[in-house]
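Beneath this line is the structure, given in structure tokens, with notes to follow.
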Amino acid sequence: MNQKVSRPSAAQVATEVAESVQYQGRKASRQGSEQRRQAILEAALRIIVRDGVRAVRHRAVAAEAEVPLSATTYYFKDINDLITDTFALFVERSAEAMSAFWAGADEQLQQLAAGLKQDAETRLKLLEQVVELAIVYVRAQLTENRERLLAEQAFRLEALLNPGLLELAAAHRKILVQGVDKFFRVLGSPQPDEDAKVLTGMILQMEYQGLLDGVDNLDLEEMRSILRRYLRLVMGL
């Protein structure tokens, strides 16, 4: 008799991704050394957000982190290792943030599942609530996590140029899609993986457009129309 294999939750997957991130540079042996290494990576990430990946140089990072130049060359033998580990830190923290987000969304998903069992009118109201939640999410990302979104865009571009980042890029995609996959399973989608990738792509495009135009210039009605049309197709409404 076949046993149903339970799928890990989105929060569990994100936690596993965070714990699996591997760093290339020299490992710190003491707490103080680890704090300095983290400070260097955080400084490199700030430079990437502010000036772009090409601005990451040992001297510039040392100045930003307020550490001796010898500290950056001690932990990272070359710029490639420094950039790779900076994005490893980005992926690790993104995974931790998504783990917390999806852990807190379980109750909402349960309410969604209950609402889907109601009549068509109730389901339409539920669809509108989901659309508004997506809009709120995008606006919150652009206002509260703008630097993270800028780092994400830089990471995506650098992964096209640096094969050493491909594994990290795959891990990052996994944490973005996993929670949305669970959402579509609740909706009863026959192809939740594919639907999750489509909706994730829509959200990423909306975030990108918001970075270009500014959050105050988002075309909210267009965003609602796109989300509404897609979710109607998925929900059969």
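The values are calculated or read from the model by the stated rules, or taken from the named source; none is laboratory data. Predicted, not measured: the structure shown is a model, and the values here were computed from it. Cβ coordinates were reconstructed from backbone atoms using ideal geometry, including for glycine residues, and neighbour counts include every protein chain displayed. Calculation scope for accessible area: heavy atoms of the full protein, side chains included, ligands and nucleic acids excluded. Shrake-Rupley method; radii C 1.70, N 1.55, O 1.52, S 1.80 Å.
Once the whole set of protein chains is in place, how much accessible area is left on Glu42, using a 1.4 Å probe, in Å² to the nearest 10?
60 Å²
Per residue, how much accessible surface does segment 118-225 expose to a 1.4 Å probe? Answer in Å², no decimals. Don't jump to the answer; show the numbers that get you there.
Numbers: 5920 Å² over 108 residues.
In whole numbers, segment 118-225 has 55 Å² accessible per residue.
Using +1 at the Cβ of each Lys and Arg and -1 at the Cβ of each Asp and Glu in segment 96-237, identify which of Leu227, Gly210, Thr143 lies farthest towards the dipole's positive end.
About the Cα centre, the residue reaching furthest to the positive side is Leu227.
List, in order, the whole-Hz ³J(HN,Hα) value for each residue of segment 59-72 obtained from phi through the Karplus relation with A = 6.51, B = -1.76, C = 1.60 and θ = phi - 60°; use x for Gly and Pro.
With the stated coefficients, segment 59-72 comes to 5, 5, 5, 4, 5, 5, 7, 6, 10, x, 4, 4, 5, 5 Hz.
Got a sec to turn the phi values of segment 207-217 into Karplus ³J(HN,Hα) couplings, 6.51 cos²θ - 1.76 cosθ + 1.60 with θ = phi - 60°, whole Hz, x for Gly and Pro?
With coefficients 6.51, -1.76 and 1.60, one gets 5, 4, 5, x, 5, 5, 8, x, 4, 6, 9 Hz.
Once you order the gyration tensor axes a ≥ b ≥ c over the Cα atoms, which shape class does segment 132-187 get: rounded for a/c under 1.5, otherwise prolate or oblate by comparing a/b with b/c?
Numbers: a/c = 3.89, a/b = 1.35, b/c = 2.89.
Taking the square roots of the gyration eigenvalues as a ≥ b ≥ c, segment 132-187 is oblate.
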